Amino acid sequence: MSLTIYRKAHFNAAHRLYREDWTDEKNLEIFGKCSNPHYHGHNYELEVGVSGEIDPETGYLIDIKELKDLILEEVEEPFDHKNLNIEVADFKNLNPTVENIAMVIWNRLRKRLDTRYDLSVKLFETPRNFVLYTG
Ligand code: NI
């Protein structure tokens, strides 16, 4: 049996894609407008999937309230309305691309989630650009 339950979440955040060891010209060439030194924002949409077995006693795979609170604590509270480069320690030495943000979110949730569950993180940076990370 394979069953996945999803919880959606949302956060707004600012970022800048750049490497400190590159010149402004090189950063602009590689990252384009995303390298704007004055930062820019995205409305990130998140879909967290938890897979596992249904508990025959409750009929739940996971208590969705638990999952909601976990996403709130590990993603929304630390990331929402933040400058990811400056205010979120995970990105102090990590370019906050949608790929890396999805990985960071997965790692944060994985640490708190029982090992009997599989975890997937789908993160939309724009309605058309998104990544799926499953570990
Ligand atoms: Ni961007």
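The values are calculated or read from the model by the stated rules, or taken from the named source; none is laboratory data. Fair warning: this is a prediction, and the values are worked out from it, not measured in the lab. Heads up, the Cβs are rebuilt from the backbone with ideal geometry, glycines too, and the neighbour counts pull from every protein chain shown. Remember, those area values only see protein heavy atoms, side chains included, never the ligands or the DNA or RNA. Shrake-Rupley method; radii C 1.70, N 1.55, O 1.52, S 1.80 Å.
Residues in the range 105-135 that are open to solvent by less than 90 Å² (accessible area, probe 1.4 Å) and assigned to a strand (DSSP E or B): Leu119, Ser120, Val121, Lys122, Leu123, Phe124, Val131, Tyr133. For residues that are touching a residue at least 60 places away in the same chain (Cβ under 8 Å) and surrounded by fewer than 19 Cβ atoms within 10 Å (Cβ to Cβ), scanning just the range 89-104, find the one that is farthest from the chain's Cα centre (by Cα). Residue satisfying both the conditions and the ranking: Asn95.
The single condition among (1) in contact (Cβ under 8 Å) with a residue 24 or more places away in the chain; (2) over 18 Å from Arg7 (Cα atoms); (3) not polar (S, T, N, Q) that Phe79 does not meet is (2). Given the criteria within 16 Å of the ligand (Cβ to nearest atom) and open to solvent by 70 Å² or more (accessible area, probe 1.4 Å), does Ile86 qualify? Judged against the criteria, Ile86 is a match. Screening Cys34 against (1) out of contact with any Leu (no Cβ under 6 Å at 6 or more places or on another chain); (2) in a helix (DSSP H, G or I) leaves a single unmet condition, (1).
In the range 65-76, is there at least one residue being within 16 Å of the ligand (Cβ to nearest atom) and either outside any helix (DSSP H, G or I) or surrounded by 12 or more Cβ atoms within 10 Å (Cβ to Cβ) (or both)? No, there is no match, as no residue in the range 65-76 is within 16 Å of the ligand (Cβ to nearest atom) and either outside any helix (DSSP H, G or I) or surrounded by 12 or more Cβ atoms within 10 Å (Cβ to Cβ) (or both).
Scanning the range 11-54 for residues that are within 24 Å of His81 (Cβ to Cβ), within 16 Å of the ligand (Cβ to nearest atom) and surrounded by fewer than 17 Cβ atoms within 10 Å (Cβ to Cβ) turns up Asn12, Lys33, Asn36, Pro37, His38, Tyr39, His40, Gly41, Asn43, Glu45.
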